[in-house]
1. Just checking, how many residues over segment 97-129 are of a type in the set (Val, Ile, Thr), under 30 Å from Leu162 (Cα atoms) and modelled with pLDDT under 95?
2. How many residues does segment 63-74 hold that are loosely packed, with under 13 Cβ neighbours inside 10 Å and touching a residue at least 24 places away in the same chain (Cβ under 8 Å)?
3. For Glu46, which of the numbered conditions (1) in contact (Cβ under 8 Å) with a residue 12 or more places away in the chain; (2) in a helix (DSSP H, G or I) fails to hold?
4. Taking interchain pairs and intrachain pairs at least six residues apart, which have beta carbon atoms under 7 angstrom, with the first residue in segment 187-204 and more than 19 Å from Val154 (Cα to Cα) and the second of a type in the set (Lys, Arg)?
5. Within segment 152-190, how many residues are modelled with pLDDT under 95, small (Gly, Ala, Ser) and over 19 Å from Leu16 (Cβ atoms)?
6. Report, ordered by the first and then the second residue, all pairs with beta carbons closer than 9 Å, sequence separation of six or more or different chains, a first member in segment 135-160 that is on the phi < 0 side of the Ramachandran plot, and a second member that is part of a loop (DSSP other than H, G, I, E, B) and small (Gly, Ala, Ser).
7. Could you go through segment 27-43 and let me know if any residue there is on the phi > 0 side of the Ramachandran plot and at pLDDT below 95.
8. I'd like to know if segment 162-181 contains one or more residues that are in contact (Cβ under 8 Å) with a residue 12 or more places away in the chain and under 17 Å from Asn11 (Cα atoms).
Amino acid sequence: MRIVERYSHLNGEEYLIVHHGAIYKEIEEVVDSVAADRFKTKVSKEKTMPGRLLYSPGDLNREFDRLFGEREWKGRRYSYYVTTDYRTAQRLIGVSLEEQKELLVEEGVKKPIRSYKQTDFVKENVAIEVQFGKYSFVAYDLFVKHVLFYSGGVINVGIEILPMKSMQEEMSTGIAYYEGEVYNVLVHGRSNPPVPLLVLGVAP
C-alpha cells in the first residue's frame with residue numbers, strides 16, 4: 001500500500017517530524033509493507049455488487065496488527081472515572097486513577113463509575129488507529145478516543161489511517177474514507193478536536 005494524502009491537524013505531522021522522525025518513518029514502512037491485493041478476498045453479497053471481490057477489512061486489520069506488532073507497537077488501555085458534572089470532569093483530567101476516585105468520593109459520589117478506552121497501537125506517546133470500519137467508528141476515534149488519551153497524558157499525537165475514496169469503492173458499503181473524514185474535521189473548525197492529529201489516506 002501507499003500513503004496517498006496526509007492531513008496535519010494542529011501540527012500533528014510537524015510534531016512527528018521534529019520529535020519522532022524514526023517513528024514516522026516506521027509507520028510509512030508498515031504501510032508500504034502491506035500487499036493490499038492479497039486481501040481482496042471478500043465476496044460481496046450486497047445487491048449492488050453481488051459476487052464482486054472486495055477488500056476484506058478484517059484481513060487488512062490483522063495484517064496491520066502483525067506488522068505493527070513486529071515493531072513492538074502495542075494496544076493501550078486508558079482507565080478513568082466518569083462524571084456528568086463539568087467542573088468535576090475538568091478536575092479529573094490529568095490525575096491518576098486513584099486520585100480521580102478520591103475526588104469523586106469527596107464530591108459525594110457513593111459509587112464512582114470506572115470506564116476505559118482502548119487504542120490499537122501506542123509507542124513513545126504516539127497512538128495509531130487503523131480504521132477500515134464504519135463512519136461512526138472513525139468519528140469516535142477522532143473526537144473521543146484520541147482526545148481522551150491526549151488529555152490523560154498518554155499520547156502527544158494521534159494518527160488515523162484510512163482508505164482513500166478510490167479504495168473504499170472496492171469495499172463494502174458504509175466504510176469511512178479519508179476525504180470524507182478530513183472534511184468532517186475541517187468543518188468543526190481549526191481547533192477541534194483539541195489534539196494534534198495526522199490523518200493518512202492509503203490505497204493499494
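1. Keep residues of segment 97-129 that are of a type in the set (Val, Ile, Thr), which gives 105, 109, 113, 119, 122, 126, 128.
Imposing the further condition that a residue be under 30 Å from Leu162 (Cα atoms) reduces the set to 119, 122, 126, 128.
Add one more test, that the residue is modelled with pLDDT under 95, and what stays is 119.
Of the residues in that region, 1 qualify.
2. So the count comes out to 2.
3. For Glu46, the exception is condition (2).
4. Leu200/Arg6; Val202/Arg2; Ala203/Arg2
5. Within segment 152-190, residues that are modelled with pLDDT under 95, small (Gly, Ala, Ser) and over 19 Å from Leu16 (Cβ atoms) number 5.
6. Tyr135/Gly174; Tyr135/Ala176; Ser136/Ala176; Phe137/Ala176; Val138/Ala176; Ala139/Ala176; Ser151/Gly94; Gly152/Gly94
7. Within segment 27-43, the first condition is being on the phi > 0 side of the Ramachandran plot, and the residues that meet it are none.
Within segment 27-43, not a single residue is on the phi > 0 side of the Ramachandran plot and at pLDDT below 95.
8. First, the residues of segment 162-181 that are in contact (Cβ under 8 Å) with a residue 12 or more places away in the chain: 162-167, 170-181.
With the extra rule that they be under 17 Å from Asn11 (Cα atoms), the set shrinks to none.
Among the residues of segment 162-181, not one is in contact (Cβ under 8 Å) with a residue 12 or more places away in the chain and under 17 Å from Asn11 (Cα atoms), which makes the answer no.
The values are calculated or read from the model by the stated rules, or taken from the named source; none is laboratory data. As the structure is a prediction and not an experimental result, all values here were calculated from the model. No Cβ is skipped: glycine too gets one built from the backbone with ideal geometry, and neighbour counts run over all protein chains shown.
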